[in-house]
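The values are calculated or read from the model by the stated rules, or taken from the named source; none is laboratory data. A quick note: this is a predicted structure, and the numbers were derived from the prediction, not measured. Methodologically, a virtual Cβ is constructed for each residue, glycine included, from the backbone with ideal geometry; neighbour enumeration extends over all protein chains shown. All accessible areas refer to the heavy atoms of the entire protein, side chains included, with ligands and DNA or RNA removed. Shrake-Rupley method; radii C 1.70, N 1.55, O 1.52, S 1.80 Å.
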Amino acid sequence: MAIERTLSIIKPDAVAKNVIGQIYTRFENAGLKIIASRMAHLSRLEAEQFYAVHKERPFFKDLVDFMVSGPVVIQVLEGENAILKNRELMGATDPKKADAGTIRADFADSIDANAVHGSDAAETAAVEIAFFFAGLNVYSR
Ligand code: RTP
Ligand code: MG
């Protein structure tokens, strides 16, 4: 199976709930390595650019408002099948529909405040990693 990298964000609601460590433990227990990590408070422009694919959607303004509402923790996860594995750990976008034991089922409050972001495909993972961690190869292990 291929070793992949994916971009993950612990969103403002989960940072405010003080569960960064619990979420990192889930990544580690699933065999995903955290190969880059930083805390940031996104600007409006950064949030709009990051989620630009959704800019025509009705929820775009709420999404951007939420993503700039407090600090986030951004990480690159590396491991076998990392993109799908992380999406499975996250659970469905709407926490009410997320499987028991997933990050969103356990830590998210609503479809807006849904605890984590994860890249959804290899192409988006590459773009999203470059967006937040330009020159990542310098640090990889
Ligand atoms: P993310 O990009 O944050 O990992 O979430 P996702 O792939 O599970 O969901 P996506 O379709 O990419 O949507 C991005 C974020 O927009 C909000 N959303 N709201 N009200 C709605 O119908 C709606 N749909 C999406 C969610 O906060 C979602 O995480
Ligand atoms: Mg998405």
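The helix-only estimate of mean residue ellipticity at 222 nm for the chain, built from DSSP H runs of length n ≥ 4 each weighted as -39500 (n - 2.57), is -10500 deg cm²/dmol after division by the residue total.
Applying 0.36 nm per residue to the separation of I34 and E46 and subtracting their alpha-carbon distance, the gain on full extension is 2.1 nm.
Our summary gives the chain a relative contact order of 37 percent, counting only alpha carbon pairs under 8 angstrom and 6 or more residues apart. Sequentially through the range 17-30, phi angles give Karplus couplings (6.51, -1.76, 1.60; θ = phi - 60°) of 7, 6, 10, 4, x, 5, 6, 4, 4, 5, 4, 5, 5, 8 Hz, Gly and Pro residues having no value and appearing as x. The label point for I111 and the one for A92, both projected 7 Å from the Cα toward the Cβ, are 1.1 nm apart.
Here the label points at N18 and D65, each 7 Å from Cα along the C-beta direction, are separated by 2.8 nm in the simple model. When the chain is modelled as a GNM with alpha-carbon springs shorter than 10 Å, which of P95, P58, P71 fluctuates the most? Comparing P95, P58, P71 in the GNM, the peak value goes to P58. The largest-to-smallest principal axis extents of the Cα set in the chain are 38, 34, 26 Å. Measuring from centroid to centroid over Cα atoms, what is the spacing of the range 111-131 and the range 1-44 in Å? Spelled out, the Cα-based centre of one part sits 11 Å from the other.
Summing charges over neighbours of F60, with a neighbour being any other residue whose Cβ is under 13 Å away from its Cβ, gives -1 when K and R count +1 and D and E count -1. Normalised per residue, the accessible area of the range 56-116 is 47 Å², obtained with a 1.4 Å probe and no contribution from ligands, DNA or RNA. Cross-link reach is defined here as a Cα-Cα straight distance under 26 Å, omitting same-chain residues fewer than 8 places apart; for K97 the lysines meeting it are K11, K17, K55, K61, K85.
Given a 1.4 Å probe and the protein chains as shown, E4 ends up with an accessible area of around 50 Å². Sites listed here are chymotrypsin sites (Phe, Trp or Tyr not before Pro) in the range 62-141 whose DSSP assignment is loop and whose Cβ has at most 14 other Cβ atoms within 10 Å: Y139. Model label points for I3 and K55, set 7 angstrom from Cα along the Cα-to-Cβ axis, are 3.6 nm apart. To put it simply, the accessible area of the chain at a 1.4 Å probe is 54 percent carbon and sulfur.
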